[in-house]
Every structure is written in structure tokens, then in C-alpha cells.
Amino acid sequence: MRMLPALGSARPKGRAAALVLLLTAALVVGTQGDCDAPPRFSFAELKEDYLQNKTFSASQVVEYRCRPGYMRNSKARNTYICDKDTWKGMTNFCLQQPCYNSLHSFSHRYRLVGNSQIRCVIKDGHVAWDGNVPICDPIPCLPPPKIANGDHNGGDVTLFTYGASVTYRCHADSRGRKHFSMVGDASIFCTTNDNVNGVWNKPAPECKVVSCREPQVEHGRLQSRYRAEYTYGDTVIFDCDFRYMLLGSDTTMCQEDGSWDPPLPQCQRSSCDDPPDVQNAVKARLAGNLFPVETVITYECQTGYEFSPGVVMQNISCLPDYTWTEIPPPCERISCPNPAIKKGMHISSWGKKSTYVVGDIIRIFCDSGYVLKDSDDYVVLQCTNDGTWNRAAPECIPEPRCPKPVIDHGREVYKSKNDYTVGTQVKIECDEGYMISIQESVTCRADGNWFPTLPYCQQGCGPPPQITHGLDINPTSSFFPYGYRMKYDCAAGLSLIGDESIYCTSEDGVNLEWSGPAPECRAVRCPRPVVENGEMVTPQHTFPYGTTVRFSCKEGFALHGNAESRCVADGSWQPALPECQPVKCRAPKSKENLQIFSDREEYEFNESLYYSCKQSNNLGETSLSTCSTGGSWMPPPNCKTFHACKKIRQIRETFECGVPLAELRTLLEVQKLYLEIQKLEKDLGARGGRS
């Protein structure tokens, strides 16, 4: 809303204007803040109380009222106030008065008696209508028409007005059976075309005897309930047999003329029958059981069968007359050709056939005097799914001979003929002092080689030396080749002196001998090891050869030498037993913050000295440090920077700055925890020094 300043009166011109201005200035000086007449509006006027006033004092309020044709706006004040020579207020406190559509409208359920229109006008300064309001009477209809073989539900009504409706029904016989069908809508209602006279919206229905013939569709069936008789308005629903398609509407209704509308549908063939089976074949990629025109079915022969050589798949398709194209012949068993038999070979009698089919197996052998090239005694061929043999026929070649076996330092046991044919077996033995390397018998193979490979005769060491009081050792063989290792052990209570094993070796690369003398079995005992101010980690009572003991020193003593020693063959301990010498601590040096109170260079175990920290919060306070087991001081004489004063100063500053008491308590708890941690660290250090 906009605030408007007061509209002033017309200004005088010329000298008169100057005089007026002077007078006005003098008046303003005398009555500063007064206002002239309030503003004038076309939609409102001042109330009579303010019309005679020429001037208005500061803060004085005037009130307006709306002129004819306008009405008060309750959301805006209808007053103005004098504020520093200016009138202030709102301009929308009066709104134009509406006549609400200017024309009265009346319901169509009634007819008008009187003037059809009246208007909203301003009369004598007021808004009013220019005529009397007319009267509305209900629009009447004549009684609904009667029908033969039926009646309606408005029989008790004497007056039917606009909007009234009636419903008709057909008569039934004494048993309640209905012989008549209602043709047309069962209900009608009263309406009007000219807003004066009433009429029924449509003709009344008829009650007639109407029947339709039984609906039959070839290759179709009723989905709805079967009736012995179909009368007007009955509806039936059809569906087609399997592999037939519905043409037309699946729903039809008996009409008043005895016909079905829409016309009965037709069921037309839409699929071929199931594709026939083919012997030894399967139907591949068969999806569903409907086969429309141009559907292709693929037959695939089972494994090992074919329609014709190399053909294992054939197709059929559904023709426009819903029959299949020519059905393929049965699948026949795949056969393989007779294998080519060459010179020097034959097929075993049990595998011979006139025709070989998939899966048949034959064995091919070589004739006497021949052998299979790169094969064993015979070759197996199998007829595969593609009508071929799984491998080519083998080749038989004249039987090979093996060379005469020549063995250094060895010979054949039984002389054979000079001709070493396949299968000939030869036994080899070595000269005295030599041993055969592998199996002594070899056989001539079909590839002209000896199997296993011809052995060789190798020299070995003599029997290994025996030892007194040693355990009974039975070597695994009587031959001891190069590298053979002999292991010794002693009877209970004796110690093995020397290497526990020797092996067969050669110094000159020709002659073989044992790597060293055999060890001895002797009773060796070492004296009980005693270390002053020390003790064995694992106490023992006897110390035979090979025993190892470990030592540790008593508290206040440090180990010098080897912690472990072993009992050796001469009954001594090697290395020499260690010594336990008293622990010594070097006196620590004073530092920048640390002052040591000492006049000695060394301290013994458990001796203590005093020290102090120069920046301690308690000047003159001393601390104690003790010489510990490891030759170190516990707790270590160190000075840590003390933060307590700094923390207290921070707390004081915080308190002076107005920190809440709860927060200050938290700060104090943190400081207390810090001091407890310092004390705990000191206690732990002292305890570690005593352990």
C-alpha cells in the first residue's frame, strides 16, 4: 500500500503569493508541525466532524467513509494522521462494490414465472436490484408411457417433474419364468428442451419374445455358460481349439431381431501339427508347441549316425497350407572303410568284419619277421563319428637286431647266438672287485635297443671298518660304490669320538677308499663345571662327551666369556668356562639441567648416588639412582622439563578470564592426571632397576 502526502491548496501568484509565503513562514515559525486540509478522494469523503476545520495540529487523526458504489476494506485503516506537516495513511481502504455476475441465474429444474432478468444498479446512493425476483416452478412431464407385457415402478406417482426417472420391467408367468425380453433401455427420465415443458429423454422399452439360434463355430468352443435357449441380450464368449486362431470378436450378443452381433467369429488354422519323429535323429532348437507358417525344424542325427555320407542335419518347414515339407529319411549308422592292410601285417581274427561302424575296434599285428615301426606289439584302431579311423594304419618293417653287448670289466653269463633278435634276453656279470650298476638282465626291443640300458661294471670300496663297542651295523648291500656313506653309533653309556660317518671316495680319481678312519666308542666324562658367582641354566648331574651346558651369573655379577661350553673327547670343556665378575657402574656426568653428587668414578652393584634437577619446582630436592644388574643406573638420572608451573599459570590466567567453573574443574583434573603419570613413570623406572 502506498502512503500519499496531503494535497495542499492552490498557491497564490505574484505579490500576493509573496505575501502569503511571508505569512505562512511566520505561521510555521509560530505553529511548527501543523497540517493543511486532508487529501480528497473520489471513492471516499471526510466525515462531517472534520469538514469545518482549516488547519490540523500534529498527530491529529481524521476519518473517512466510503462513497456510494464502494465498500470498506477491512484489511486497511480508513484514517489519516498529521505527521510533520504531512498527512500519512493508506489509499485502499475503500473497494468498488460488486453486483455478483450482474445477472441472476436460475436452476434448469424449474421454469421461471416473472421477469427473466434483473440488474444490479446504484439507486439513491445505494446498490440495489432494478426489479422483483421472479418465481421458479418445477418443470412437469406427462405420465410415462405404458408398454405391453410390462410395467414401470412409477405407478403410485401423480406428478413427474424435471429429473424424475422410472424403470420398466417385463412380466413373468405364474412360475416366475420370463418369456419376454426387454428391448431398449429399462430406465427413462424427465428432461426439457425449452426450460418450460418437460419431456421423457427417450421412448419406453418394449417387452418381446426374442430368441437367437444356438451359436456354433467350427474348431471353436464356448467359454461362457451353455444355455438351452438364447434370448435377447444374452452374451456368449468363444475360444478356438489348439493351433487355431480367432478371426472376429470373441464376444457376441443376441439382438432384438434374433441375430448375433457382432457376427459369430471364425477359427482359422494357425499352426502345423507336431513335426514327425525321424529314426535315430533328434529335433534341435525346438521352442514351444506352436508352428506357424515358415517355422523351420532342424533334425540332427544322433552320435554315430548320418542322413548320408557327411550329412548329419536336415530341415523341414511349415507350408502356407499348414503341412510340413518332405520329411527326411532315417539316420543310418556311420561306417568306416576297410583299413589298408600292407605287406607284413594282419588284423586279429576276432575283430574282422565286412563293414565297420562307429565304435568298432580292430587290432593290427605284424607278421612273423616284422615289427611295428615306432609302436609296440600291435596297434588299436577305432572307427570315429566322422567315418574315419582314429589314426592311420601302422607300418610293419623287417624285425630289427640289437648290437652285441660289450661291457668293460664284465661279460655275458650265457653265450647266445651272434644274432640278437627282438626278445632276446642277456644276463651280465662283472669281474671280481666290480659291481654291476643296475639290473643284470637286459632284453632286445623292437627298436633295436637293449632294455633296460646296458649296465656297466663299477669299482667300489672294500667293506667299511668295524669299531669296538659300536652298535651292530648291517650295510644295505655288500657293494660300496663311490659316494656310499657309512654311519656309526655306540652302545649305551659310550660316546662316539670322531666323525659319526665316513663315505667312499677317491683321492686320485682311479682308486676308491673310505674318507677317513672309523670313529671310536669310549667312556668320556667331563668334571662338573663350576663358575664362581654363577650357575647352570639347566642343572645336570653327569656330563658325558658332547654335553653342552649354559651359564648365567648371580645378581650383581656380569658374565665374561662364552655362555655355553661343550664336553669334548679329552674330557675338558671347550670353550673355557666363563667368569662372573662384579657389576660396575660408571659415575654419570653432570649436564646443563642435571647435577650429580659424586666423588667416585665407579660404583658397585646396588650402590646409589644422589642427583638433582636445576629447574625443579622444589629447589634443593634430590633424587636417588642405583647401580643395577646390567651396569646401568636405575632410574636413569635424567631431568625432564617440568610443566606444572606453566600449567598452573595457564589455569590462573584462564580463571581470571572468566572461564566457567565446570571447565576449570576439567582443566584441574587433566593436570592431576598428568602428575600421576609422571609419578608412575618414576616408580616403573625404579622397579626396573631392581629387577
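The values are calculated or read from the model by the stated rules, or taken from the named source; none is laboratory data. Here the structure is a predicted model, which means the values were calculated and not measured. Cβ coordinates were reconstructed from backbone atoms using ideal geometry, including for glycine residues, and neighbour counts include every protein chain displayed.
Does segment 331-339 contain at least one residue that is over 17 Å from Gly387 (Cα atoms) and either surrounded by 15 or more Cβ atoms within 10 Å (Cβ to Cβ) or modelled with pLDDT of 80 or more (or both)? Checking segment 331-339: not a single residue is over 17 Å from Gly387 (Cα atoms) and either surrounded by 15 or more Cβ atoms within 10 Å (Cβ to Cβ) or modelled with pLDDT of 80 or more (or both). Restricting attention to segment 364-407, the residues that are in contact (Cβ under 8 Å) with a residue 24 or more places away in the chain and more than 19 Å from Thr443 (Cα to Cα) add up to 16. Checked against the criteria, Ser308 does not count as farther than 26 Å from Ser181 by Cα, surrounded by 11 or more Cβ atoms within 10 Å (Cβ to Cβ) and either among the hydrophobic types (A, V, I, L, M, F, W, C) or within 47 Å of the chain's Cα centre (by Cα) (or both).
Within segment 460-483, identify whether any single residue is surrounded by 15 or more Cβ atoms within 10 Å (Cβ to Cβ) and closer than 30 Å to Cys553 by Cβ, and answer yes or no. No: zero hits. Of all residues in segment 372-386 being in contact with a Gly (Cβ under 8 Å, 6 or more places away or on another chain) and either at positive phi or part of a strand (DSSP E or B) (or both), which is surrounded by the most Cβ atoms within 10 Å (Cβ to Cβ)? Applying the filter and picking the extreme gives Cys383.
Rundown of residues vs (1) over 30 Å from Tyr168 (Cβ atoms); (2) modelled with pLDDT of 85 or more; (3) among the aromatic types (Phe, Trp, Tyr), yes/no style:
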| residue | (1), (2), (3) |
| --- | --- |
| Ser59 | yes, yes, no |
| Pro68 | yes, no, no |
| Cys82 | yes, yes, no |
| Ile118 | yes, no, no |
| Pro144 | no, yes, no |
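So, in segment 272-285, how many residues would count as being surrounded by fewer than 13 Cβ atoms within 10 Å (Cβ to Cβ) and among the hydrophobic types (A, V, I, L, M, F, W, C)? Result for segment 272-285: 1.
Just to be sure I understand, how many residues within segment 395-430 are of a type in the set (Asp, Glu) and surrounded by fewer than 13 Cβ atoms within 10 Å (Cβ to Cβ)?
So the answer is 2.
Quick check on segment 470-486. Is at least one of its residues in contact with a Phe, Trp or Tyr (Cβ under 6 Å, 6 or more places away or on another chain) and either aromatic (Phe, Trp, Tyr) or at pLDDT 85 or above (or both)?
Within segment 470-486, the first condition is being in contact with a Phe, Trp or Tyr (Cβ under 6 Å, 6 or more places away or on another chain), and the residues that meet it are 470, 485.
Still in the list and also either aromatic (Phe, Trp, Tyr) or at pLDDT 85 or above (or both): 485.
Among the residues of segment 470-486, at least one is in contact with a Phe, Trp or Tyr (Cβ under 6 Å, 6 or more places away or on another chain) and either aromatic (Phe, Trp, Tyr) or at pLDDT 85 or above (or both), which makes the answer yes.
The residues of segment 355-371 that are of a type in the set (Ser, Thr, Tyr) and surrounded by 16 or more Cβ atoms within 10 Å (Cβ to Cβ), listed by number, are Tyr356, Tyr370.
Against the definition (touching a residue at least 12 places away in the same chain (Cβ under 8 Å) and closer than 16 Å to Gly460 by Cβ), how does Tyr503 come out, yes or no? Judged against the criteria, Tyr503 is a match.
Suppose the filter is closer than 24 Å to Cys318 by Cα, among the hydrophobic types (A, V, I, L, M, F, W, C) and not in a loop (DSSP other than H, G, I, E, B); does Val236 pass it? Considered against the rule, which asks whether it is closer than 24 Å to Cys318 by Cα, among the hydrophobic types (A, V, I, L, M, F, W, C) and not in a loop (DSSP other than H, G, I, E, B), Val236 comes out as no. Going by the structure shown, is Val236 in contact with a Leu (Cβ under 9 Å, 6 or more places away or on another chain), modelled with pLDDT of 85 or more, buried (at least 19 other Cβ atoms within 10 Å of the Cβ) and of a type outside the set (Lys, Arg)? It is true that Val236 is in contact with a Leu (Cβ under 9 Å, 6 or more places away or on another chain), modelled with pLDDT of 85 or more, buried (at least 19 other Cβ atoms within 10 Å of the Cβ) and of a type outside the set (Lys, Arg). Ala76 falls short on exactly one of the conditions (1) over 24 Å from Lys123 (Cα atoms); (2) modelled with pLDDT under 85; (3) part of a loop (DSSP other than H, G, I, E, B), and that condition is (2).
The number of residues in segment 49-73 being surrounded by 13 or more Cβ atoms within 10 Å (Cβ to Cβ), without any contact (Cβ under 8 Å) to a residue 40 or more places away in the chain and assigned to a loop (DSSP other than H, G, I, E, B) comes to 5. Checked against (1) of a type in the set (Phe, Trp, Tyr); (2) at positive phi; (3) assigned by TED's automatic domain parsing to the domain that holds Thr443, Tyr322 meets all criteria but (3).
The residue of segment 519-566 that is modelled with the lowest pLDDT, among those that are basic (Lys, Arg) and part of a loop (DSSP other than H, G, I, E, B), is Lys554.
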